[in-house]
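Student: Have a look at the structure that comes next, please.
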Amino acid sequence: MNRVLKYIYACLVVFPVIFLMAMSFAEKWRFPDFWPENWTFKNWSSSIFGQGDLLYSLIVSLGISLMLASLVCVISFFVSKEIAYSKYRKTYMKLTLIPYILSPIILAVIFQYYFAFTSLTGKILGVLIAQLFFALPFGIVIFNNFWNDKILSLEQLTFTLGATPKESLLKAVIPLSKPAIILCFFQSFLVSWFEYGLTRFIGLGKVKTLTVMVFNFINEANVFYAALACVLLVLPPIFLLYINKKALILKQ
Amino acid sequence: MSTFLELQNISKSFDEETILEDVNLSLEHQKTLSLIGASGSGKTTLLKIIAGLEKASNGNVVLNKQNINNLPPQKRKIVYLYQDALLFPHLSAFENIAFGLKLQKQKNIRNTVNAMLESLGMIEHAEKMPNQLSGGQKQRIAFGRALVIKPQLLLLDEPFGALDPKIRSNMQKLFKNLVVAQGLSSIFVTHDIKEAIIIGDGIAKIEKGKLIQFESKQSFYNTKSSGVQAEIDFWKQLKNEKE
């Protein structure tokens, strides 16, 4: 029974990827045909190597997501520590839930005036900052459980053994927090990678991430290019998931 | 013998709550003071103040005739050992002991650590990770990690509290031997009267933030509030019932 469920699960994950991949190589595929009329590399070659619009989007998406994940990891690591050992911990943690009560697009509407005022709309930096508003509390929530009495005691122990705060951080605290850092990086990356509404609104459609491109292609009824953009959208998270799993297995 | 550590009128409050009140204590060089106290009596806070991990609201900590109130914990050479061994889970037993030596950038770390492992009877466990060690073995490594850097003063906060009686007894002997061999000064916190008597050269008791240091072990035995007489009476009564 378990094996059957495993196969069903694998099919559910693998089938959409294979289907999208097939569509990205297809040309003239009309209902009710089982197969497309032609298989072609044209979609890939023109959008990646020819016009290069999807390659550009892939680079922009990767840049924004990697930058955001790194920023969230670093900032939330230190902010969550301050919060965890503060006597107002509960209050601060309640505040971190605000971005979840309001959806990203509502947040974008609230902040749009300030982004326009600071000329950040339509720019990659603007999108990055907007996503940070949403993803940072997420990172703080992830790290919040890491900071406990045992970590505090370990940190204090390193001080009595002669470690400076920097040495304690690098040689004890960061190695201990590796699983939390990996989780935070992975989750923040995904939040940014699949973000559409906020990116579209603050980016004014000029910051063409892969999600924005997918919706553009769908609006144009260009399903083959949309499928191609989806493949590019799906592969990096799968790769990250693989690395994440491998890192955690190695850790165990 | 000269006073090595002196606490002068130490007080500590958190918000409105007083944790320690006018605590005075003295410890001679190369001696161990047992500190008895129930949970919440303020003993952990007192040790943390001595180690520099907490700031006293009032009073002075004098070590080797030097006021160390403003000295950061890194520079005090006072190691604080917790009830939990708190080994670094990402480091092997060997690396745990080498931790402090690496910070000091010492030479011959391998030989020093191996010698320490030998004296702890742990040489065959050197490459094991903490999750592969028993409670007693972890505590031995924690001792080794503290002793190998040759601290001026060792503070032990109920280090054997989580061990079973047999291992606890072995650890008490090991601790006594190591402290004597290295000529260490230490404060040993426990709530077990028997352990306090075995380990300590002197005894102090802390209750609701107030500390009484007994002049000698005999004066501790003779004080009713020490609980020693009650303990003796209990065992005598048990013996009589048995006979």
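Every number here is computed from the coordinates shown, using simple stated rules; none is lab data. What you see is a predicted model, and the numbers here were worked out from it, not measured in a lab. Cβ: placed from backbone, ideal geometry, glycine included. Neighbour counts: every protein chain shown.
Student: Compute a Gaussian network model of chain A, connecting alpha carbons closer than 10 Å, and tell me which residue from A:Q131, A:Q112, A:Q51 fluctuates the most.
Tutor: Greatest mean-square fluctuation among the candidates belongs to A:Q51.
Student: Here's something else I'd like to know. Give B:K31/B:K55; A:K94/B:K75; A:K94/A:K208; B:K31/B:K239; A:K166/B:K107 a once-over and call out the pairs whose C-alpha atoms are over 28 Å from each other.
Tutor: Pairs exceeding the cut-off: A:K94/B:K75; A:K94/A:K208; B:K31/B:K239.
Student: So, one more: Give, rounded to the nearest 20 debye, the magnitude of the charge dipole that chain B has about its Cα centre when Lys and Arg contribute +1 at Cβ and Asp and Glu contribute -1 at Cβ.
Tutor: Dipole about the Cα centre, nearest 20: 860 debye.
Student: Please sort by residue number the GluC sites (Glu not before Pro) in region B:1-103 whose DSSP state is loop and whose Cβ has at most 10 other Cβ atoms within 10 Å.
Tutor: In loop regions of region B:1-103 (DSSP not H, G, I, E or B), the sparsely surrounded GluC sites (Glu not before Pro) are B:E16.
Student: Here's something else I'd like to know. Computed over the Cα atoms of chain B, what is the ratio Rg over Rh, Rh following Kirkwood?
Tutor: 0.99
Student: Related question: Residue by residue through A:171-180, how many Cβ atoms from other chains fall within 10 Å of the Cβ on average?
Tutor: Across the residues of A:171-180, the mean count of other-chain Cβ atoms within 10 Å is 2.
Student: Of B:S92, A:S86, how do they rank once you tally other Cβ atoms within 10 Å and put the fewest first?
Tutor: In order of increasing Cβ crowding within 10 Å: A:S86, B:S92.
Student: Sticking with this structure for a sec: Hey, how much of the P(r) for region A:59-206 falls beyond 25 Å, as a percent of Cα pairs?
Tutor: 36 percent
Student: If you put +1 on each Lys and Arg Cβ and -1 on each Asp and Glu Cβ, how big is the dipole of region A:59-206 around its Cα centre, in Debye rounded to 20?
Tutor: 120 debye
Student: Let me ask something else. Using DSSP loop states and a limit of at most 12 other Cβ atoms within 10 Å to flag GluC sites (Glu not before Pro), what is the longest stretch of chain A containing no flagged site?
Tutor: Here the longest run is A:38-219.
Student: Now for a separate question. Placing unit charges on C-beta atoms (Lys and Arg positive, Asp and Glu negative, everything else neutral), compute the dipole magnitude of the protein assembly as shown about its Cα centre in debye, rounded to 20.
Tutor: 720 debye
Student: Please give the calculated 222 nm ellipticity per residue for chain A, where each DSSP H segment of at least 4 residues contributes -39500 (n - 2.57) and the sum is spread over every residue; nearest 500 deg cm²/dmol?
Tutor: Calculated at 222 nm, the ellipticity per residue is -23000 deg cm²/dmol.
Student: Within 10 Å of each Cβ of B:75-85, how many other protein chain Cβ atoms are there on average?
Tutor: What the average comes to for B:75-85 is 3.
Student: Going by C-beta contacts inside 10 Å, put A:L154, A:L5 in order with the fewest on the left.
Tutor: Fewest-to-most ranking of A:L154, A:L5: A:L5, A:L154.
Student: For a quick check, take a GNM of chain B with Cα springs below 10 Å and name the residue from B:K75, B:K12, B:K31 with the largest mean-square fluctuation.
Tutor: Taking springs between Cα atoms under 10 Å, the residue moving most is B:K75.
Student: So, one more: How big is the protein assembly as shown in terms of Cα radius of gyration and Dmax, in angstroms?
Tutor: 31.5, 103
Student: What distance in nm separates the simple spin-label points at B:D22 and A:T91, each placed 7 Å from Cα in the Cβ direction?
Tutor: The answer from the label model is 3.6 nm.
Student: Sequence gap at least 6, Cα distance under 8 Å: using those rules, report the relative contact order of region B:89-243 to the nearest whole percent.
Tutor: With pairs under 8 Å counted, the relative contact order is 17 percent.
Student: State which stretch of chain A is the longest one without any exposed trypsin sites (Lys or Arg not before Pro), exposure meaning a DSSP loop state and at most 16 other Cβ atoms within 10 Å.
Tutor: Within chain A, the longest run free of exposed trypsin sites (Lys or Arg not before Pro) spans A:88-205.
Student: If you take each beta carbon of peptide A:149-159 and count the beta carbons of other chains within 10 angstrom, what is the mean?
Tutor: Average neighbour count from other chains, rounded to a whole number: 5.
Student: Also, I was wondering about something else. Antiparallel versus total DSSP beta bridges in the protein assembly as shown: what percent is that, nearest 5?
Tutor: Approximately 50 percent, going by the DSSP bridge assignments.
Student: For the charge dipole of region A:59-206, defined by +1 on Lys and Arg C-beta atoms and -1 on Asp and Glu C-beta atoms about the Cα centroid, which residue among A:I59, A:I105, A:T121 has the Cα displaced farthest towards the positive pole?
Tutor: Looking along the dipole axis, the top candidate is A:I105.
Student: Right, next: Which helices, counted as full DSSP H runs in chain A, have an axial Cα extent of no less than 24 Å and a Kyte-Doolittle average of 1.0 or above?
Tutor: What comes out of the filter, once short or polar helices are dropped, is A:2-24, A:53-84, A:124-144, A:223-251.
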